[in-house]
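Visitor: I have a structure here, written as structure tokens, and I will follow up with some questions on it.
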Amino acid sequence: MAQTRTVAQLIRSAVGPAAALLIIGFFGGYALFGSNGVLALGDYRQDLAAKQAELRVLEERKRIIANRVALLDPRKANPDLVDELIRKDLGLVHPDEIIIPMEE
């Protein structure tokens, strides 16, 4: 004996699989197109390259500052650098003097 199903019964039986497909589609789309998705990998690589370049610049600045700090060590301070900094920071430069900054 063949059972006839009503439209309402067909819709009720299709709601669960349809919801599952929507959820799978949502997460699948997010895995591809989301902010952390596969297609964002290129952006992450560009950001990484930019940050590595910035890191190299900052490490060079850090090296220069460390060298300058070493020159100001109280036990073995560079007299020329100390004199230059004192005159510049305290305003002890006479109008007829010329200060030539040291290059590290």
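Visitor: Could you sort 80-86, 56-62 so that the peptide with the highest average Cβ count within 10 Å comes first and the rest follow in order?
Guide: Put in order of decreasing packing, that is 80-86, 56-62.
Visitor: Taking neighbour counts of Cβ atoms within 10 Å as a proxy for exposure, in what order, fewest first, do Asp96, Asp89 appear?
Guide: If I rank by nearby Cβ atoms, fewest first, I get Asp96, Asp89.
Visitor: Pick out the long, greasy-scoring helices in the chain: whole DSSP H runs spanning 18 Å or more along their own axis by Cα, mean Kyte-Doolittle at least 1.0.
Guide: Helix filter hits for the chain: 7-33.
Visitor: In 10 Å bins starting at zero, report the fraction of Cα pairs in the stretch 44-100 per bin as a rounded %.
Guide: The calculated distribution, bin by bin, is 20, 29, 24, 16, 10, 1.
Visitor: Taking the radius of gyration and the Kirkwood hydrodynamic radius from Cα positions alone, what is the Rg/Rh ratio for the chain, to two decimal places?
Guide: 1.64
Visitor: Based on the inverse mean of 1/r over its pairs of different Cα atoms, what is the Kirkwood hydrodynamic radius of the stretch 1-47, in Å?
Guide: For the stretch 1-47, inverting the mean 1/r across all distinct Cα pairs yields 13.5 Å.
Visitor: Give me the lysines in straight-line cross-link reach of Lys51: C-alpha distance below 25 Å, same-chain residues under 8 apart excluded.
Guide: Lys51 reaches Lys62.
Read-outs: derived from the displayed coordinates by stated rules, not from any lab. Since we're looking at a predicted model, the values are computed, not measured. Ideal geometry is used to build each Cβ from the backbone, glycine not excepted, and the neighbour counts take in all protein chains shown.
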